[in-house]
1. For segment 105-123, which residues satisfy the criterion of being outside any helix (DSSP H, G or I), surrounded by fewer than 18 Cβ atoms within 10 Å (Cβ to Cβ) and not acidic (D, E)?
2. Does segment 143-162 hold any residues that are of a type in the set (A, V, I, L, M, F, W, C), within 25 Å of D128 (Cα to Cα) and free of Cβ contacts under 8 Å to residues at least 24 places away in the same chain, and which are they?
3. I'd like to know if segment 192-211 contains one or more residues that are part of a helix (DSSP H, G or I), at pLDDT 95 or above, of a type in the set (D, E, K, R) and in contact with a helix residue (DSSP H, G or I) (Cβ under 9 Å, 6 or more places away or on another chain).
4. Are any residues in segment 195-235 basic (K, R) and under 14 Å from L52 (Cβ atoms), and if so, which ones?
5. Restricting attention to segment 152-175, does a residue exist that is outside any loop (DSSP other than H, G, I, E, B), modelled with pLDDT of 90 or more and among the basic types (K, R)?
6. Select from segment 151-197 the residues that are charged (D, E, K, R) and within 30 Å of A59 (Cβ to Cβ) and list them in ascending order.
7. What number of residues within segment 94-109 are more than 17 Å from R146 (Cα to Cα) and touching a helix residue (DSSP H, G or I) at 6+ places or on another chain (Cβ under 9 Å)?
8. Got at least one residue in segment 61-68 being at pLDDT 90 or above, in a helix (DSSP H, G or I), closer than 26 Å to L213 by Cα and among the basic types (K, R)?
Amino acid sequence: MRSRAWAIGLLAAAAAACSSSRPARATRVEREQLVVADGEVRNRWFATLYSLQRQLATADARRLDVIGPLQSMLCLPSDATLARMASVAQARLTQEGVTPTRTRLRRTVDSEQAIARWIDATATGGGDLVERESLIAVEETLIIERPEGVAMARVPLPTTGVQVAEPRCEPGVAEGAQGAEGRAVLMQIMVVLRRAAAQGLVFQRTVLLAAELRSQLASLRAGATGPLAAEFAAAERALVGVSARATMHLHESARTQQWAQTLLTPEGETAPEEVPDVQPEDNDPENVAPTDTVPITAVPVPPPAADGGT
């Protein structure tokens, strides 16, 4: 009995020693939680930072929403490269007599507002469903057009929320010899184009917002003490990471968009190299984005009761 008590005492002492050697409790920013500060301006600043952190936390999952359904339609594993996907997709299209034709992606004036609503949904903690619906709304502000007669016409596309039926994939069958029929593959490539472009717009806004928050940091942290000062210090470090990660995802989205655009472009023609910031051309749809850009501002979020930022 005495030996057992002695062993328990040793365990308790070891636990106490370990806990005393642990670093101080992380800040809310480091835990990627919402900081409630001491005023509306600071609350709005921290809420916007929180929304950017949440966006990046789900970035990899959203990337799977971009290319995952097409991989399944082509009977390819989830680690298939874009080059491999292109080869198999082209084989499916050629096998079923589907040829590329001129395809145009256009952005409407609603894009900026839809992105702002999505950021607001993440900042206010509206929940996964609200955030997903807001992201779908961003996608739907992007229009894909293909020739219809002598003019270009809008192509109705499914949204992210629509589940794509997976084909039956038999093991051992040559790649490109099975999977969804060619028209379905073609439609899914257009979905990839639109989803990648929507993700690119979101990450572009994230980079710009991170830069704006950094420009406001010095004035907002002036006079902050105690836990709030620690949150601002953590936020300064966090914004460096946010900018770097968002830039990486932005380039990845642009690469995927360019990949899809190339697959949809007839041989011998050149696919556009940039995410279109579209200005009116011939036969434009309604609400096409003008050439001027919408100013980027931090999202206003109604602050909850102040708790000192801890």
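The values are calculated or read from the model by the stated rules, or taken from the named source; none is laboratory data. These figures come from a predicted structure and were not determined experimentally. Here the Cβ is made from the backbone with ideal geometry for all residues, glycine too, and neighbour counts use every protein chain on show.
1. V109
2. V162
3. The answer is no; no qualifying residue exists.
4. Scanning segment 195-235 gives R205, R214.
5. Yes; the residues of segment 152-175 include at least one that is outside any loop (DSSP other than H, G, I, E, B), modelled with pLDDT of 90 or more and among the basic types (K, R).
6. Residues satisfying the conditions are R154, E166, E175, R194, R195.
7. 4
8. Within segment 61-68 (the criterion being at pLDDT 90 or above, in a helix (DSSP H, G or I), closer than 26 Å to L213 by Cα and among the basic types (K, R)), the answer is no, since none of the residues qualifies.
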